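The values are calculated or read from the model by the stated rules, or taken from the named source; none is laboratory data. Small disclaimer: the values here were computed from a predicted structure and weren't measured. Every residue, glycine among them, receives a Cβ derived from its backbone with ideal geometry; neighbour counts consider all protein chains shown. Quick note on the areas: whole protein, heavy atoms, side chains included, nothing else; ligands and nucleic acids left out. Shrake-Rupley method; radii C 1.70, N 1.55, O 1.52, S 1.80 Å.
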Amino acid sequence: MRLTLALPLLLALAVPAPAHEVGAHEAGAWAGGSKAPAERSEVAVAMIDGRAYVVGDYNGATELLIYDPARDAWSKGAPFPHSVHHAMAAGFDGRIYVFGGYVNGWTASGQVYAYDPEADAWTARREMPTPRAAGGAAVVGGRIHVVGGSRSGRGNDPAHEVYDPAGDAWSRAAPLPTPRDHLAVQAIDGRIVAIGGRRDGDPAHNLSTTQVYDPTEDSWREAAPLPTARSGSASAVLGREVFVIGGESTTRTFGEVEAFDLQKDLWRCLARLPTPRHGFGAVTFEGRIYTLTGSPKPGGEKSATVEVLKP
């Protein structure tokens, strides 16, 4: 009798775990931060020189919100040139670059602006070849890769275009294999990781797709899928992992926090986001991840929430 009971257990232990298995133990701890001076959602967030910049707003606000994580304090900068939401942003060489987004409702823009903190001023740069919103931007090798997103009308575009800030010039790269919007895009180990998102702007069609781009080969490959399919997440790189935080579906916002190890092709889960939300951003500073603003409900609500994860 004992042998009969033990045999299935031994067989179960002998079966290898899938590469994308999430560990049962949820690591990390969350703490609150100083609230933003204004509520925001569907923002673009990027960081340079120890400060995070929150650009755009679903409800039309244009004030630039600046967060200093070392002091847990906020300030404001020159307003963005026009109302925009679902833009894409990246920090590089002392400037914040903002790409596209939706303007005049749901018209996808190709406009590009650079913000100089020393001058507290925005400057127009060369427009994107493909106007888009709700994609992602990441820096590799002195270039900014703008990946995926939606055209006017919210239909997806697989465009992958590369911006050279020094030359104010664009080039094209291998298109995103799975077109989508509201995805997480981050650079790590000289590669670009595109995670999750949705089809044609519809959160009823969230994806778990993870794809990795190698700029040396100009090619994409499939990786272990995101354990919780979602869109509108915040994301950040800390150590050797890409963290995907929160997000939404048609019926709820997510508190899930899952981290992807590119080298191991492995996901793990961490402590849940205290205030589940979407349409927000995240930055890394001194071993912590700071999540800034966002909507606590599906759709167009907003908040001034700041929550900090120490993994």
Open item on the list: For a test of the definition: using alpha carbon positions, the gyration tensor, and the 1.5 limit on a/c, classify the stretch 82-148 as rounded, prolate or oblate.
Closed with: oblate
Task: Computed label-point distance, nm, for sites Ala38 and Asp120 using a 7 Å Cα→Cβ extension - done: 1.5 nm
Open item on the list: I'm checking a number: the convex hull volume of the Cα atoms of the stretch 64-180, normalised per residue, in Å³. What is it?
Closed with: 114 Å³
Open item on the list: At R0 = 45 Å, how high is the FRET efficiency between Ala27 and Thr107 if r is their beta carbon distance? Nearest 0.05 is fine.
Closed with: 0.60
Task: Charge context of Arg272, other residues only, Cβ under 11 angstrom, K/R +1, D/E -1 - done: -4
TODO: Express the accessible area of the chain per residue in Å², computed with a 1.4 Å probe while the remaining protein chains stay in the model.
DONE: 42 Å²
Task: Per-q log10 I(q)/I(0), the stretch 111-202, q = 0.20 Å⁻¹ (Debye; single scatterer per alpha-carbon; no solvent) - done: -0.96
Open item on the list: What do you get for the angle between helix 2-14 and the principal long axis of the chain? Use alpha-carbon atoms, 0 to 90 degrees, nearest ten.
Closed with: 30 degrees
Task: the chain - percent of accessible surface contributed by carbon and sulfur, probe 1.4 Å - done: 50 percent
- [ ] Throw me the Rg/Rh for the chain, computed over C-alpha atoms with Kirkwood Rh, two decimals.
- [x] 1.00
Task: 3J(HN,Hα) from dihedral phi, the stretch 43-58, Karplus parametrisation 6.51/-1.76/1.60, rounded to Hz, x for glycine, proline - done: 9, 10, 10, 8, 10, 9, 6, x, 10, 9, 10, 10, 10, x, 5, 4
TODO: On each of the three principal axes of the Cα atoms of the stretch 212-297, give max minus min coordinate, whole Å, ordered largest first.
DONE: 40, 33, 21
Open item on the list: Per DSSP helix of 4 or more residues, -39500 (n - 2.57); summed, then divided by the residues of the chain. What does that give at 222 nm, rounded to the nearest 500?
Closed with: -1500 deg cm²/dmol
Task: Radius of gyration, Dmax [the stretch 127-277; alpha carbons; angstrom] - done: 14.7, 44
